[in-house]
Every structure is written in C-alpha cells, then in structure tokens.
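Before any comments, here is the structure.
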Amino acid sequence: MKRFGAIYLVMGILAAGAIAVMTGQPVAAAEEEQAVLQVDHALVEALGKADSAAAGALLDDNFEWTDTAGKTQNKAEALQNITALAKDSEGDTDLKTHSYSELVIIFGFHHDARFTRIWVKRQAGWRALIYLDTLRPKQAPATAPPAASIGNPGDCENPCRILPFTPTTPADKAVIAEWQKTKMDEWHPDASDWATHIADEFLIINDRAERNKEQRVALARKWQEAGISMPGDPILSMTMSDFGDAVVMISRHAPYNGGKPYYNARVFVHRDGHWLIAWSQQTTIQDAPAVPAVSDK
C-alpha cells in the first residue's frame, strides 16, 4: 500500500506540473497546492476514523471550527468533539482552491452548507487554521438593503474610523487602512473605488447570498444610483494573522440595523502594491442574543 501511495503522490505532482504549464501557474506553486490538497484529504480521513492524534497533528494551534449555527470551537474543543466534526466533514463536493504562497483556501459544499478550510504554512508544514460552514441561501439573494439605509446614511464610526483592535505589523496596518476605504465606499457610495480594493477572484458568502466580484460591484452600483448608504456593521472583536503575502482577519460583527451578531473570516492578498480582499465569509451566531440597531442605541 505504501508503494501505491508513493506512486499516486508522484502522479499527483506530475499532474500538477502539467496543469501549471497549461495555465501559466508556476510549477512550485502547483506542487504546493497539490501538497495542501493531500493534507486536506488526510485530515478528512483522520476525522472519519475519529483519530484525534492524526487530526490534531494537522490542526494549527490557533485552529477554529465554526459550524452553520455559528458555534466556534478551538482546537482542543474540536478534537474533544471529533465525532461531530467528522460528520460535518462528510460528503465534500465541488472542491476548489485559491492559493497564496503561504495560505491556501479550499472550499466546496457539503450537506446544506458552503464549507471553507483555510490552510497556512508553518515551519512544521501545512496546518488547518480555519474551518467555516455557512448555510446555503434558501431563496434568491436580496438586491436591496433595509429601507432604513435609503436616504438615511447614519454614522459609521466603527468600523469606518475606529476599531476595537490595534494592528501591530506593517501588513496589518496596511490591510486595515485599505479595508476601511471599502467601508467608506459603502457608507458614502462609490462602487468604482470599492472595486479597486477587491481581488478578481473575490467571493463574499453569507446565509443570504454568495456573490463574486462582478456581481457585488454591480449591486454596489445599483445601490449607489438609488442613493443607498450602507454604514458598516460595527466590530465586536478582531484578530489578524500574517502569512507572507496573505493576511487572515477574523472578526465578530453586530449588524448595523440590528439582529444576531455574526462571525466573519476574511483573507487579504498583497498584489500590485495593494492589500486586496480575496475572501469574505460570514456565519450568524444563532445562540447569541440579538443586538439593537445602531440608531436605537
């Protein structure tokens, strides 16, 4: 079996190289992506066997698993609850990847959810940092925000001007500065400028909709033409982690117009002198109490 495993590994690497030649992707990057797909498969296998030792070896010390109910568990909690994590990991389909040197996003569908696993490169190898599930929308996505946002711009102190977080690295400071520009572009609508801070492969996912860059920019233009302002949802807590030319931002938000808070994972990539948003995925925290609208506070 070990012999066949080695053969399959070599075949996978050769296939990755062939794909790289056809797509223009560097061979080294394609091989790294293949390596991540292999450890991701190994993690799913270990979970299926309820092998806490094997699974734990592939989880980052800062690992977080957030399920479709918005319940977040750290590494120790997830391993103690490995049966539930294993069940959650069954039936992955339509796997895709976004690769950023020291960070790879693997995403697809299982059960009734969009899942995302974010892998990061540590000195000891690739480790899973984030495992996030978001329920698939049950109806067509809304094309307009709540009526309270029309002709009533409100204020956007948090997150447009201040945050309950102080960046400590040059990369984090630059990411915050660029990300806050997108918040200003939503508050005082400017779809064209907003688009300049967004990576071409961008996806934004929540339990109401999933949109790519083109779809999200078209929606922003529609709102701008209608005079709709969207103050950002205030941030309750935030952490940031740097991985070469990629940065992971984990935040919890209180909806501006009131409702249950949500967990948000974002990935930023450094490209052409800018830190662009490449990924944004949200999951509502169902067991949290609803918060009032900003205007009601």
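Every read-out reported here was derived from the displayed coordinates using simple, explicitly stated rules and does not represent laboratory data. Note that the coordinates shown come from a computational prediction; the quantities given were computed from them, not determined experimentally. Counting neighbours? That spans all protein chains shown, and the Cβs are built from the backbone with ideal geometry, glycine included.
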* Asked: Fully extended, how many nm does the chain gain between residue 110 and residue 200 (0.36 nm per residue separation, minus their Cα-Cα distance)?
  -> 29.9 nm
* Fewest to most neighbouring Cβ within 10 Å: what's the order for 249, 240, 184? -> 184, 240, 249
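So if I average 1/r over every pair of distinct C-alpha atoms in the stretch 148-296 and take the inverse, what Kirkwood radius in Å does that give? Numbers along the way, then the final one.
On the way: mean 1/r = 0.0638 Å⁻¹.
The Cα-based Kirkwood calculation yields 15.7 Å.
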* Whole-Hz ³J(HN,Hα) from phi, Karplus 6.51 cos²θ - 1.76 cosθ + 1.60, for the stretch 163-168, glycine and proline x -> 9, x, 7, 10, x, 10
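To the nearest 20 Debye, how big is the dipole of the stretch 77-124 about its Cα centre, given +1 on the beta carbon of each Lys and Arg and -1 on that of each Asp and Glu? Spell out each step's value before the answer.
Numbers: 6 positive and 7 negative charges, 46 e Å.
Rounded to the nearest 20 debye, it is 220 debye.
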* To do: Normalise the Debye intensity by I(0) for the stretch 57-207, one equal point scatterer per Cα, no solvent, then take log10 at q = 0.09, 0.16, 0.21 Å⁻¹ and round to two decimals.
  => -0.40, -1.18, -1.40
* Structure fact -> Surrounding charge for residue 285, neighbours by C-beta under 10 angstrom, Lys/Arg +1, Asp/Glu -1, total +2
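If Lys and Arg each add +1 and Asp and Glu each add -1, what is the summed charge of the other residues whose beta carbon sits under 13 Å from the beta carbon of residue 29? Walk me through the numbers on the way to the answer.
Values: positive: 121; negative: 31, 32, 33, 102, 245.
Summing Lys and Arg as +1 and Asp and Glu as -1 gives -4.
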* **Residues whose placed amide H lies under 5 Å from that of residue 285, excluding near-sequence neighbours** => 262, 263
* Among the lysines, which have Cα under 25 Å from the Cα of residue 71 when same-chain residues fewer than 8 positions away are ignored? -> 49, 87, 96, 138, 260
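How high is the FRET efficiency from residue 260 to residue 29, r the C-beta distance, R0 41 Å, rounded to 0.05?
Values: r = 39 Å, r/R0 = 0.96.
Efficiency computed from Cβ-Cβ geometry: 0.55.
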* Structure fact -> With label points set 7 Å from each Cα along the Cα-to-Cβ direction at residue 49 and residue 95, the distance between them in nm comes to 1.7 nm
* **Calculated from backbone phi, Karplus (6.51, -1.76, 1.60) coupling profile of the stretch 276-289 in Hz, x at Gly/Pro** => 9, 6, 9, 8, 8, 9, 10, 9, 5, 8, 5, 8, 8, x
* Whole-Å distance, taken between Cα centres, linking the stretch 259-297 and the stretch 211-230 -> 17 Å
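What does the net charge come to around residue 167 if you take all other residues with beta carbon closer than 13 Å to its beta carbon, with K and R at +1 and D and E at -1? Before the final figure, lay out each step's value.
Values: positive: 173; negative: 172, 178, 242.
Summing Lys and Arg as +1 and Asp and Glu as -1 gives -2.
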* ³J(HN,Hα), Karplus 6.51/-1.76/1.60, whole Hz, each residue of the stretch 202-216, x for Gly, Pro -> 3, 9, 10, 10, 8, 7, 10, 6, 9, 9, 8, 4, 4, 5, 6
